[in-house]
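This report refers to the structure that appears directly beneath it.
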Amino acid sequence: MKTIQSFTVNHDVLKPGMYVSRVDGDVVTYDIRMKTPNGGDYVPTPAAHTIEHLFATYARNSGFSDGVIYVGPMGCRTGFYLLLRDRISHAEAIRLVQESFAFVAAYEGEIPGTERWQCGNYLEHDLVGAKSVAADLCKTLEGWTVDKLWYEGGSSGV
């Protein structure tokens, strides 16, 4: 079998940030990297689950909602993928992620979609942890520009 594109990125040099992972037709996959790969510090599963609910809710209710295809965590627990239609510019995608994570970092209240009938693991959430991880990413992405969207030291699907 061929090696999939995401396994060709050099994770030994990958730092937290936001990157274009690949482009497939009119769909752009963004790598929202919150933790340094293989660094020993990963997003705890309950916090990642809460981020997923809040990030997806915010993005799908934003002015870009019609271009949001998917929001979801990476299995390695170092970040999230965001899939958007290419009619959303890279600069707008950065702004959407910055706004989404500012929303998560400041969120107070009931986590959306956490009733038993709405979620397959409704008891495993951590709002305090999610807010901490989101606040860290907000600092990382402060001043992030389109020029920074490209992986260093490895290939991307672009």
Practice prompt. Figure the gain on full extension for residue 4 and residue 87 (residue separation times 0.36 nm, minus the Cα-Cα span) and round it to one decimal in nm.
Written response: 27.3 nm
Worksheet item: Per the helix-only calculation at 222 nm, which mean residue ellipticity applies to the chain, given -39500 (n - 2.57) for every DSSP H run of n ≥ 4 and division by its residues, nearest 500 deg cm²/dmol?
Response: -10000 deg cm²/dmol
Practice prompt. Mind telling me which of 31, 12, 126 comes out most flexible in a GNM of the chain, alpha-carbon contacts under 10 Å?
Written response: 12
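Multiply the residue separation of residue 117 and residue 150 by 0.36 nm, subtract the distance between their alpha-carbon atoms, and state the gained length in nm to one decimal.
Length difference between fully extended and current span is 7.9 nm.
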Worksheet, complete the sentence: If R0 = 22 Å, then residue 15 and residue 132, at their Cβ-Cβ distance, give a FRET efficiency to the nearest 0.05 of 0.70
Worksheet item: Under DSSP H, which helices of the chain have Cα atoms covering 15 Å or more of the helix axis and a Kyte-Doolittle average no less than 0.0?
Response: 90-106, 127-141
Worksheet item: Using the count of nearby Cβ atoms within 10 Å as a rough guide to exposure, how do 8, 145 rank from fewest to most?
Response: 145, 8
Worksheet item: So what does log10 I(q)/I(0) come out to for the chain at q = 0.12, 0.15 Å⁻¹, using the Debye formula with one equal point on every Cα and no solvent?
Response: -0.49, -0.78
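Count the lysine pairs in the chain that are 8 or more places apart or on different chains: how many have C-alpha atoms under 16 angstrom apart?
So the count works out to 7.
Here, each number is a calculation from the coordinates, and none is a lab measurement. Everything quoted here is computed from the prediction, not taken from an experiment. Cβ coordinates were reconstructed from backbone atoms using ideal geometry, including for glycine residues, and neighbour counts include every protein chain displayed.
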